[in-house]
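Here, each number is a calculation from the coordinates, and none is a lab measurement. Every value quoted in this text rests on a predicted model; they were computed, and no experiment measured them. Reconstructed Cβ throughout: ideal geometry from the backbone, glycine too, with neighbour counts over all protein chains shown.
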Amino acid sequence: MVSIAMYNILIVLLFVFTSCRAQKMYPTIGNIERIDESINEIISPKAKAEIIAEGFDWSEGPLWIEKNNMLLFSDIPRNAIYKWTEKNGAELYLKPAGYTGSVQRGGETGSNGLILDKNNKLVLCQHGDRRMARMDAPINNPLPKFITIADGWQNKKLNSPNDAVFNSKGELFFTDPPYGLEKGMNDPLKEIPFQGVFKVNISGEVKLVTDTLSRPNGIAFFPGENTFIVANSDGNKPNWYAFDINRNNEVINGRIFYSAEGYDKSLKGGNDGLKIDRNGNVFATGPGGIWIFNSQGKLLGKLRLNEAASNCALSADEKTLYITNDMYIVRFKMR
């Protein structure tokens with residue numbers, strides 16, 4: 001016969017077991033460095049980062065899609081995109097994703113940055129195919145069918161589009177470093193002699209925005225779209241650059257927003273992807289994790305991570321940051 005005490009213990013154990021099944025337990029990771037007290041308005045004392053998926057070769061380009069409650073992200077070496085949901089975890093979403101050719105080739109062939117256009121179509125930075133492309137299929141029924149948005153400038157093939165962002169006009173801004181080329185800067189197939197930031201007008205014309213950066217990478221607009229930031233993933237020039245857009249829609253006043261020069265070279269990662277929230281706070285992957293700035297370029301704090309962070313994505317309510325962290329996918333619950 002079961003005693004009342006034993007019965008109560010069983011009830012408690014059943015409750016704990018049910019709760020754990022209802023809410024998956026994920027291992028926590030990293031630590032928060034609070035440099036300026038204003039970071040407490042962004043990141044609460046109870047904030048935590050947790051690994052929600054793992055086992056990838058090199059994760060990149062996270063995109064949170066609120067309507068579907070899912071995260072999409074690239075695994076560049078696998079030439080694939082994965083989908084993560086709370087219910088099912090990580091699942092293969094699309095393959096091939098960045099290289100659709102039939103000729104075997106090396107290098108970083110997969111997709112990198114992922115964004116949505118105004119029609120909720122998936123737009124991909126395709127390393128292997130060296131183009132910006134739109135998936136010709138619904139988000140909830142992915143197919144490896146793509147429509148080219150841009151693959152060249154002045155009759156020269158792009159290097160390998162890396163990250164991208166749309167403005168409210170529907171213009172597409174993207175960065176074009178050499179990382180997707182088999183031999184990088186020394187690849188004989190490299191046609192453009194610099195690493196540019198480009199813009200695709202609404203009419204489809206590809207225009208050069210700037211050729212002044214050695215390794216343009218992550219890109220994002222501040223609220224109001226009068227200024228944008230580009231990360232430079234060059235260890236010799238580890239800077240984030242800001243550019244303004246004037247009334248004539250010209251890009252002017254390029255300058256250093258913040259420099260990581262002198263950083264600890266033992267830290268993994270560098271200036272890579274970034275996102276900007278509605279208040280102008282910048283979440284940028286950098287040496288050792290996520291660097292957090294205000295809109296004036298003041299460093300507020302860092303999320304320290306042991307592995308290299310490549311990019312991040314904000315949830316719709318901006319309380320959660322999803323981070324591609326090499327072999328991991330990290331969810332940073334900030335508030």
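At a glance:
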{"item": "Options Gly30, Asn68, Val123, ranked by Cα towards positive dipole end of the chain, top entry (Cβ charges)", "result": "Asn68"}
{"item": "Selection from Ala231, Val282, Leu92 lying farthest towards where the dipole of the chain points positive, charges on Cβ", "result": "Leu92"}
{"item": "Alpha-carbon gyration tensor eigenvalues x 5, square-rooted, for the chain, Å", "result": "36, 24, 18"}
{"item": "Pairwise label distance in nanometres, Glu37 with Glu182, each label 7 Å out on the Cα-Cβ vector", "result": "5.9 nm"}
{"item": "Restricting region 207-310 to trypsin sites (Lys or Arg not before Pro) in coil, as DSSP defines it, with at most 10 other Cβ within 10 Å", "result": "Arg247, Lys265, Arg278"}
{"item": "Relative contact order computed over the chain (Cα-Cα under 8 Å; 6+ residues apart), in percent", "result": "16 percent"}
{"item": "Mean ellipticity per residue at 222 nm, deg cm²/dmol - from DSSP H runs of n ≥ 4 across the chain, formula -39500 (n - 2.57)", "result": "-2000 deg cm²/dmol"}
{"item": "Principal axis dimensions, largest first and in whole angstrom, of region 261-324 by Cα", "result": "34, 25, 15"}
{"item": "Low-density loop cleavage sites - chymotrypsin sites (Phe, Trp or Tyr not before Pro) in region 130-203, where at most 15 other Cβ are within 10 Å (DSSP)", "result": "Phe194"}
{"item": "GluC sites (Glu not before Pro) restricted to region 81-142 and DSSP loop, no more than 16 other C-beta within 10 Å", "result": "Glu86"}
{"item": "Under Karplus coefficients 6.51, -1.76 and 1.60, residue-wise ³J(HN,Hα) of region 320-332 in Hz, glycine/proline x", "result": "10, 10, 9, 10, 8, 10, 6, 7, 10, 10, 10, 10, 9"}
{"item": "Surrounding net charge for Ile29, when Lys and Arg each add one and Asp and Glu each subtract one, Cβ distance under 11 Å", "result": "0"}
{"item": "Packing-based exposure ordering (other Cβ within 10 Å, fewest first) of Cys312, Cys125", "result": "Cys312, Cys125"}
